[in-house]
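Down below is the structure, laid out as structure tokens.
The values are calculated or read from the model by the stated rules, or taken from the named source; none is laboratory data. What you see is a predicted model; the values in this text were computed from it and never measured. Heads up, the Cβs are rebuilt from the backbone with ideal geometry, glycines too, and the neighbour counts pull from every protein chain shown.
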Amino acid sequence: MPANPPSFSPLQAQTLCCNACAGVLAEKFPEVTDPGSGEKFSILACHSCGMGHTRPVPGNLGAYYDASYHGGRHSFTARYCAQRRLRMLSQVAGSGKGRSILDVGCGDGTFLLRARDAGWKAFGTEMNPGLAREAGLTVETSLEAVEKWAPFDCITLWHSLEHMQDARATLEASRKLLNPRSGLLLLAVPDAGGLQARCFHNRWFHLDVPRHLYHFTYQALQRLLDSTGFEPVQSWHQEFEYDLLGWTQSILNRLLPTPNLFFHQLTRRQTHAGALQRGISWAGGLAFSALALPMVALGTMIRQGGTLIIAARIRDNMPRLSPNAG
């Protein structure tokens, strides 16, 4: 993992304005620690829509993704997570029946494999595509590389939009790749305006700097979708394991000196924490997970959960763009 202060990427030369609405940015959290490297980052937030922006943006973001990041993210819950997402997809898009789907940031391909089994022609993008390719999936490293298979009937971004260097450009490119008449966009992001985020501030587990470059509120995501030609058609406010772990790990981040320790234990990642701290983390994680169940239910009920999921279609009054349009 990186040991030196992060270098600035070309993105840093851009005017400090919001990627969603071009509003003015101001410092929200002056210091957020990356649990992996120990480096400090800031989060600037838009005065208008509330969208957060991680600063500085490292010049080499790939250095902040270790070998375990793209596999085993959900541990024993992987199949449940993929099946839930497939149900959401079927609810808003119908059955696959030979239609095509592109999963942007597909990780190890767990969701795409489920989609393929359900009749979808499955394609993906991933910065480290090895695991997904080994599973027999067609995966490229960029949106430009999948243009030859466009248009797609559905594009999904499961917790990947917040990782993109330019969220607006990613949605604009996705719109060009979608079937303009029937294409569906389905995306999930951590809800930076939800109950968890407001309770834990810079200790919130799902800030995950610098891998998360953007921190979306519901208003910010709506503005970004609207300005890139999309019209939301349905929303959800929970992904159970993300929300539950968000509560549990954020509480432990307030109590223990080693951040995200319980998450690292669950995903069998290496940690340098001592035996006593590991024991407290494991026992506390199990206890707090049980206590957090009512909070997950509350966040879902008041539409202020730890996760925001939106399905959207291209607005009827938007111009029809080809994948190679400028």
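Listed values, structure above:
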{"quantity": "Failed criterion for GLN265 (all others in (1) assigned to a loop (DSSP other than H, G, I, E, B); (2) outside the structural domain of GLU144 (by TED's automatic domain parsing); (3) not hydrophobic (A, V, I, L, M, F, W, C) hold)", "calculated": "(1)"}
{"quantity": "Residues of segment 198-217 satisfying the condition of being touching an Asp or Glu at 6+ places or on another chain (Cβ under 9 Å) and either outside any loop (DSSP other than H, G, I, E, B) or at pLDDT below 95 (or both)", "calculated": "ASN202, HIS206, TYR214, HIS215, PHE216"}
{"quantity": "Single residue of segment 17-47 satisfying the filter (in contact (Cβ under 8 Å) with a residue 60 or more places away in the chain and of a type in the set (Gly, Ala, Ser)) that is surrounded by the fewest Cβ atoms within 10 Å (Cβ to Cβ)", "calculated": "ALA45"}
{"quantity": "Residues of segment 53-86 that turn out to be modelled with pLDDT of 85 or more and either under 14 Å from LEU113 (Cα atoms) or touching a Ser or Thr at 6+ places or on another chain (Cβ under 8 Å) (or both), as a count", "calculated": "17"}
{"quantity": "Test result for THR125, among the β-branched types (Val, Ile, Thr), over 29 Å from THR54 (Cβ atoms) and in the same structural domain as LEU184 (by TED's automatic domain parsing)", "calculated": "no"}
{"quantity": "Output for segment 207-228, where each listed residue is surrounded by fewer than 22 Cβ atoms within 10 Å (Cβ to Cβ) and among the small types (Gly, Ala, Ser)", "calculated": "SER227"}
{"quantity": "Residues satisfying the stated conditions in segment 138-175, i.e. surrounded by 21 or more Cβ atoms within 10 Å (Cβ to Cβ) and more than 18 Å from the chain's Cα centre (by Cα)", "calculated": "VAL139, VAL146, PHE152, ARG175"}
{"quantity": "Meets criteria (of a type in the set (Gly, Ala, Ser), without any contact (Cβ under 8 Å) to a residue 60 or more places away in the chain and under 24 Å from ALA287 (Cβ atoms)) for SER160", "calculated": "no"}
{"quantity": "Residue identified as without any contact (Cβ under 8 Å) to a residue 60 or more places away in the chain and part of a helix (DSSP H, G or I) among ALA122, ALA220, ALA169", "calculated": "ALA169"}
{"quantity": "Members of segment 240-259 that are of a type in the set (D, E, K, R) and surrounded by fewer than 23 Cβ atoms within 10 Å (Cβ to Cβ)", "calculated": "GLU241, ARG254"}
{"quantity": "Filter result for SER95 (farther than 13 Å from TRP158 by Cβ and over 19 Å from the mean Cα position of the chain (by Cα))", "calculated": "yes"}
{"quantity": "Segment 172-197: number of residues that are of a type in the set (D, E, K, R) and either without any contact (Cβ under 8 Å) to a residue 40 or more places away in the chain or not in a helix (DSSP H, G or I) (or both)", "calculated": "2"}
{"quantity": "Verdict on ALA118 being more than 21 Å from VAL189 (Cα to Cα), assigned by TED's automatic domain parsing to the domain that holds PRO180 and touching a strand residue (DSSP E or B) at 6+ places or on another chain (Cβ under 8 Å)", "calculated": "no"}
{"quantity": "Output for segment 117-133, where each listed residue is closer than 23 Å to HIS163 by Cα and surrounded by fewer than 22 Cβ atoms within 10 Å (Cβ to Cβ)", "calculated": "MET127, ASN128, PRO129, GLY130, LEU131, ARG133"}
{"quantity": "Tally, over segment 131-158, of residues that are more than 22 Å from GLY96 (Cβ to Cβ) and either touching a Lys or Arg at 6+ places or on another chain (Cβ under 6 Å) or not β-branched (Val, Ile, Thr) (or both)", "calculated": "5"}
{"quantity": "Qualifying residue in segment 98-117 (condition: part of a helix (DSSP H, G or I), hydroxyl-bearing (Ser, Thr, Tyr) and under 19 Å from the mean Cα position of the chain (by Cα))", "calculated": "yes"}
